[in-house]
Structure formats: structure tokens, C-alpha cells
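First up is the structure itself, then whatever we jot down about it.
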Amino acid sequence: MKVLLYSAKDFEIPYLEKANNNKYQLTFTKEALSSQTAMMSVGYDAISIFSADEACFLTIEKLKDFGIKYITLRSVGYDNVNLRTASRLKIRVANVPAYSPYAIAEHSVALLLALNRKLIESNLRVQHYNFNLDNLVGIDLNEKTVGIIGTGRIGSVMTKIMHGFGCNVIGYDIEENNKLIDDYNLRYTTLKKLCELSDIISLHIPLNAETHSLINENIISEMKTGVILINTARGAVINTEDVINGLKNGKIGALGIDVYENEKGLFFNDHSQDIPNDEMLMILNAMPNVLMTGHHAFLTDEALTNIAETTIHNLDCWNSGLETGNELTEIIYLS
């Protein structure tokens with residue numbers, strides 16, 4: 001099987017090569033998948049894509065014409081793939097459903113701690129031998145109320161960690177997790193009530209029609225003044241303009257994000273020599289109470305190992321005529 005891996009990053013290639021163990025002919029390209037770059041897949045049986053790649057209706061139709069039978073994602077999220085078109089054209093698609101919830105949850109905590117204790121500002125002062133402590137006051141996390149929106153794999157780990165800090169943890173989800181209730185005293189409530197009660201809110205939800213711009217002007221108005229908001233889910237689950245307004249008027253006390261609403265074509269690349277023309281991004285970067293990282297919450301040795309191994313597992317199953325267990329498309333195959 002010949003496989004083309006789009007958006008291949010230098011840091012992930014050794015993990016993929018190790019997991020592959022010379023079974024398949026892998027070709028790596030830094031190019032992202034799009035309708036323009038789909039032609040690169042000619043002569044390949046399968047492609048592998050990342051979260052920033054674009055597998056829209058038109059792109060998938062082109063992939064079908066070029067002979068692609070399989071698409072394996074190196075990510076959990078699949079909102080960038082038109083699964084309906086893939087199913088119709090009998091292209092099998094699979095993802096990596098759980099590479100390391102610890103990586104994402106721990107990064108969320110890192111953002112929270114850095115914001116709360118003003119670690120970036122403190123370090124910048126020390127680098128200039130300024131040891132003044134003015135405006136570096138934070139809060140104890142102990143006994144604070146933390147609202148977890150989305151209590152799946154990652155939200156569950158976040159709940160466990162925050163409970164370990166001595167926080168009162170409340171949650172909002174379409175399905176309740178009884179284990180979290182029993183083990184960590186998580187209390188489920190409505191989204192409105194969660195916003196009213198939480199000192200800290202952490203987002204761990206997928207991006208879909210129901211969650212797009214979930215955090216908007218109306219929801220922000222329900223939040224406790226000075227709330228710390230953390231987002232390591234998907235950029236578009238918050239309305240960035242409304243969040244910026246919340247930061248400006250003090251409703252949101254601090255914002256920590258690893259994802260950004262307009263990150264497509266921006267993140268994972270060096271733009272230091274051609275500063276992006278993105279006003280919201282510039283505003284966020286200028287705010288002292290905002291901490292942004294470039295979608296690297298997943299970047300741990302364990303996560304990269306799991307992503308690579310699951311990617312090759314998906315290929316192994318397809319190569320043997322089996323279902324992967326990670327299938328996203330519903331296709332009836334005739335023997």
C-alpha cells in the first residue's frame with residue numbers, strides 16, 4: 001500500500017516511521033490537503049491528513065477520481081472532513097479517537113496555572129532583573145468552582161486533576177458520567193448555571209453544529225465577573241469577537257487558548273517574517289491577560305506515539321480487509 005501523508009511535521013515523522021516498520025510505502029509532504037493539492041495523491045492508495053487539512057466535498061471527489069480508497073486522520077477531530085461525501089463515494093475514513101487525554105487536559109491546567117499566577121509576566125521581569133511583585137497577585141485554586149464543559153475522555157481527566165487541586169467541580173454535557181459523580185463529586189448542571197457559578201471554565205467539546213460559537217455574547221453575560229476561560233478544544237466553539245469584548249469589559253478575567261477560530265492556514269507555520277493580517281489575533285496577543293499557544297496541547301511523546309500507532313493500525317486493518325474500530329464512514333462493502 002502506498003500512502004501519502006499530508007501536512008507532515010518534522011516532529012511526527014520519526015514516530016510514524018517507527019510505527020510503520022517498513023510495512024507500507026510512506027511519502028511525507030509538508031503541503032496541506034486542499035482541492036488544489038489533491039492531485040498529489042495520484043498513484044497512492046491512501047492518504048493521511050491532519051486537523052488543518054481540508055477534505056471538503058470537492059476535495060474528496062477529486063481524491064476519488066485519483067484512486068484514493070482510504071483516509072486516515074492523525075487527529076481526534078474530523079470536522080474538516082465531509083464524511084457524507086466520503087461515504088457516498090465509498091472512501092473509508094478513520095481517525096485516532098483517543099491518543100492521550102492526559103496531554104490535552106494537562107496543557108489546559110498549564111494554561112490555567114500560568115495565567116493565574118502571572119508566570120509569563122513574572123519571568124519577563126526576572127529576565128530584566130526586575131523583582132517587583134506588583135500586579136502579580138493570583139488566587140488559590142483550592143475550593144474554587146471549576147466548570148467543565150464536555151466531560152468525555154479529556155474532560156474526565158480535567159475533572160480528576162481539578163478535584164486533586166481541591167476544587168469544586170461542576171459539569172455540563174449531553175450525557176452524564178456517573179463515575180465522575182462518584183469518584184470526584186462532580187455535579188452536573190445547566191450551561192447557564194455553570195457559567196453563573198464557575199470561577200474557572202474549561203472547554204472540552206467537539207466542534208459541530210450545536211457547539212459552534214457556543215461561548216458567545218449571551219453565554220458570556222451569564223458568567224461570573226472575572227472568570228478564567230480555558231479552551232483546548234476547537235477554536236470555533238468560542239466566538240472570538242465576543243470573547244475579546246468580554247476581556248475588554250472585565251467579564252472575562254483571563255483567557256487561555258491553544259486553538260483559535262481563524263487558525264486554518266496560520267497555525268503550524270512560521271509567520272514571523274510576514275505578520276498575518278488578523279486584527280483579532282493581534283488584539284489577543286496584545287492583551288496581558290491572554291495566553292495563547294499554537295495548537296500544541298497534543299504534543300507529548302506518549303500522544304505522538306499513540307497517534308502514529310493508531311494511524312498505522314488503521315492502514316493494517318484496511319490492508320487486511322477489516323474494519324479498524326475507528327471508522328467514521330458508514331459504507332456497505334460487497335464481497
Which of Ser75, Pro206, Thr189 sits closest to the plus end of the dipole of the chain, meaning its Cα is farthest towards the positive end, when Lys and Arg get +1 and Asp and Glu get -1 on the C-beta? Ser75
Can you find, among Met223, Phe298, Ser41, the residue sitting farthest towards the positive end of the charge dipole of the chain, where Lys and Arg contribute +1 and Asp and Glu -1 at Cβ? Ser41
Do the alpha carbons of any pairs in Lys18/Lys160; Lys30/Lys264; Lys118/Lys192 sit beyond 23 Å of each other, and which pairs? Lys18/Lys160; Lys118/Lys192
Where does each of Leu124, Leu113, Leu16 land when they are ranked from fewest to most other beta-carbon atoms within 10 angstrom? Leu124, Leu113, Leu16
List the aspartates and glutamates whose Cα sits under 16 Å from the Cα of Lys2, skipping any in the same chain fewer than 8 residues away. Glu17, Asp45, Asp316
Only sites in a loop by DSSP and with at most 14 other Cβ atoms within 10 Å count here; which GluC sites (Glu not before Pro) in region 138-206 make the cut? Glu143, Glu175, Glu176
Among Ile71, Ile283, Ile104: highest mean-square fluctuation, GNM of the chain, C-alpha pairs under 10 Å: Ile283
So who's got an amide H within less than 5 Å of the one on Asn95, skipping anything under 5 residues away but keeping other chains? H placed 1.01 Å off N, in plane. Leu73, Leu328
Return the whole-Å distance between the Cα centroid of region 273-326 and the Cα centroid of region 97-131. 19
Filter the chain for me: DSSP H helices, axial length by Cα at least 30 angstrom, mean Kyte-Doolittle hydropathy not below 0.5. List them by residue number. none
Among the chymotrypsin sites (Phe, Trp or Tyr not before Pro) within region 118-171, which fall in a DSSP loop and have no more than 15 other Cβ atoms within 10 Å of their own Cβ? Tyr129, Phe131
What size of dipole, in debye to the nearest 20, comes out for the chain about its Cα centre when the only charges are +1 on Lys and Arg C-beta atoms and -1 on Asp and Glu C-beta atoms? 300
Using alpha carbon centers only, region 178-238 is separated from region 18-89 by a whole-angstrom value of 33
Show me the GluC sites (Glu not before Pro) within region 3-78 that DSSP assigns to loop and that have at most 16 other Cβ atoms within 10 Å of their Cβ. Glu31
When a/c reaches 1.5 or more, the comparison of a/b and b/c decides; with that in mind, is region 1-61 rounded, prolate or oblate per its Cα gyration tensor? oblate
Partner aspartates and glutamates whose C-alpha sits under 14 Å from that of Lys224, ignoring same-chain residues fewer than 8 away, are Glu196, Asp199
Give a residue-ordered list of calculated ³J(HN,Hα) values for region 67-84 (Karplus: 6.51 cos²θ - 1.76 cosθ + 1.60, θ = phi - 60°; whole Hz; x for Gly, Pro). x, 6, 9, 9, 10, 10, 8, 9, 7, 7, x, 9, 5, 8, 10, 7, 5, 5
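No lab work stands behind these numbers, since they all come straight from the coordinates. All values derive from a computational prediction rather than experimental measurement. Counting neighbours? That spans all protein chains shown, and the Cβs are built from the backbone with ideal geometry, glycine included.
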